Amino acid sequence: MDNPVLRPTVATQAPVDASARVVAEARRLGFDAVGFARADEPLEADHERYARFVADGKHGRMAWLAEDVEARRRLDGDAILPGARTVVCLARRYARSAEEEAKDPAIAQIVARYARGQDYHNHLRKKLRKLAAFVRTLGPDVRARPLVDVEPILERAWAARAGIGFIGKNGLVIVPGQGSYALLGEVVTTLALAPGTPMTERCGSCTRCLDACPTGAFDAPFVLDPRRCVAYFSIEAPGDVDEDLARRAGSRLFGCDDCQSVCPFNRTSPPSLLSTRQFHPLDRWRDAALPDLVCVDEASFATLTEGSPLRRAGWSGLALDAVRVARFWLETLEPGDARRRDAEVTLARAARFEVEAVRAAAAAASTAAAAALVPPVTRAPPP
Ligand code: B12
Ligand code: SF4
Ligand code: SF4
């Protein structure tokens, strides 16, 4: 066991052998970090923060985030797994080398790194199911349930409690030596395993992520207002964005990595040693350009986004994202930049879109682009 993150912290009176076997199996399945937390102790401080977050309306159009309040506090209730004693917290890295990423197709390069390849909900869940099946073999009547992202739990809070990393000022779980380009998943089980120890936060005086956020989405260190986050208005609620924020989002099409790309923990962590194949851009992005994201009908959208995280934005949502980026390009790019042509074709397609909101956004973008006849020197370059 050469990786300290994969070394379980051993508490007394817990089945050390079972813990070590779960760690070994997690590693065999391709997880980069694993840790255990008591599932029968509810979250307190994190849940209070969550409740305040909802009370302040920060969930915006993500209405589901305000539901299942109790499940977000405890894992051992009816909503998740009655009688749960342990949550196995796992992280799967998607960090690739800069050289490799530089070769990604142009359209993939304006998509957040986690979303360029296959949908992690599918491949991570497969691994988690296998791990849950393994955990069930570790004792009579052991129950285990895999969870990834969509279930109503505060994944980051549990990962931090399990000690697989700490929550940085950017709000993300950072695994020392591995960084934050990692997706989280869990197996909740009735089996008792040796809980880990939470890590102290290691950001120190650094504020790079807060300073780098293009849309100023942090109210304070650790505290995000999702309604200003590019990931919110490009993935969860396309169109729920004002002109100022849209301009600040620039070319970022689906999600954003800025609060991670500047983080020293990512800059100094080597790319994942395990295979990141599933996160490599899908072949279809090689031949795709911005106009292709404005799909003529739902069937072609379904084909385009099959097995891709981009499906999350929805048919008209992805079209709205493409219109937002097209508008930015037309407002800021020099005449002669090939992307202007893509932007024009995008708006032309969007002008014929079945959904009125997309047609309206295209019309507004065309008007704004025509008005943006400012001298080139005052134009901000796209990121
Ligand atoms: C909704 C959601 C979003 C929303 C809202 C994010 C938010 N901050 O609430 C939006 C769409 C904006 C979003 C964006 C992103 N997301 Co998201 N998202 C989620 C989801 C589904 C729920 C999060 C949630 O419950 N939010 C409610 C708030 C209140 O809870 P929380 O975010 O967990 O916040 C806790 C901590 O921040 C902490 N906290 C708050 N204040 C303080 C202060 C101190 C001092 C401390 C110590 C802690 C602390 O307490 C909070 C409550 O537990 C989770 C999956 C899940 N089920 O957990 C993924 C998840 C958090 N997202 C993830 C990712 C990858 C992203 C993006 C990087 C995607 C991208 N590249 O565009 C960005 C990152 C934005 C950011 N800097 O946080 C990963 C994070 C992985 C990691 N290493 O941490 C998760 C865990 C999905 C997964 N399964 O891997 N996301
Ligand atoms: S993902 Fe982008 S927009 Fe969202 S908080 Fe991070 S830097 Fe800001
Ligand atoms: S950029 Fe700095 S402050 Fe932000 S999470 Fe990384 S170390 Fe912490």
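For segment 217-226, backbone phi angles converted through the Karplus equation (6.51, -1.76, 1.60; θ = phi - 60°) give residue-by-residue couplings of 7, 8, 6, 6, x, 6, 10, 9, 9, x Hz, Gly and Pro being listed as x.
Compute the angle between helix 356-371 and the longest alpha-carbon principal axis of the chain, please, reported from 0 to 90 degrees and rounded to the nearest 10. Helix 356-371 sits at roughly 60 degrees to that axis.
When the helices of the chain are scored as -39500 (n - 2.57) per DSSP H run of n ≥ 4 and the total is divided over every residue, the value at 222 nm lands at -10000 deg cm²/dmol. Restricting segment 32-68 to GluC sites (Glu not before Pro) that sit in a DSSP loop and have at most 14 other Cβ atoms within 10 Å of their own Cβ leaves GLU44, GLU67. Taking a sphere under 13 Å around the Cβ of ALA350 and counting the other residues whose Cβ falls inside, with K and R at +1 and D and E at -1, yields a net charge of -1. Please label the shape of segment 4-189 as rounded, prolate or oblate, based on the square roots a ≥ b ≥ c of the eigenvalues of the alpha-carbon gyration tensor (a/c under 1.5 means rounded; beyond that, a/b larger than b/c means prolate, else oblate). Oblate.
Does segment 20-61 come out rounded, prolate or oblate by the C-alpha gyration tensor, with a ≥ b ≥ c the root eigenvalues, rounded set by a/c under 1.5 and, if not, prolate when a/b is larger than b/c and oblate if not? Oblate, since a/c reaches 1.5 and b/c is not below a/b. Across ALA302, ALA370, ALA322, mean-square fluctuation computed from a Gaussian network of the chain (C-alpha pairs under 10 Å connected) peaks at ALA370.
Classification of segment 93-210 by its C-alpha gyration tensor yields an oblate form. The axis ratio a/c (a ≥ b ≥ c) is 1.5 or more, and b/c is at least a/b. Our note on the geometry: Cα centres of segment 163-179 and segment 63-94, 19 Å apart. Straight-distance candidates among the lysines for linking to LYS126, with alpha-carbon spacing under 26 Å and chain neighbours fewer than 8 residues away dropped, are absent. Kirkwood radius, the chain, all distinct C-alpha pairs, inverse of mean reciprocal distance: 22.0 Å. Backbone phi angles across segment 61-76, fed through the Karplus curve with coefficients 6.51, -1.76 and 1.60 (θ = phi - 60°), yield HN-Hα couplings of 7, 7, 4, 4, 6, 8, 9, 6, 4, 5, 4, 7, 9, 9, 9, 9 Hz in residue order; Gly and Pro are listed as x.
Shown in residue order for segment 231-240 are the 3J(HN,Hα) couplings computed by the Karplus curve 6.51 cos²θ - 1.76 cosθ + 1.60 at θ = phi - 60°: 4, 5, 7, 10, 10, 7, 9, x, x, 7 Hz (x for Gly and Pro).
Springs between Cα atoms under 10 Å define the GNM used for the chain, and in it the highest mean-square fluctuation of ALA289, ALA160, ALA350 occurs at ALA289. When the chain is treated as a Gaussian network with alpha carbon springs shorter than 10 Å, the biggest mean-square fluctuation among VAL135, VAL69, VAL230 belongs to VAL69.
Only the coordinates and a few stated rules stand behind these numbers; no lab work does. Values in this document were obtained by computation on a predicted structure and should not be read as measured data. Using ideal geometry, Cβ is built from the backbone for each residue, glycine included, and neighbour counts are taken over all protein chains shown.
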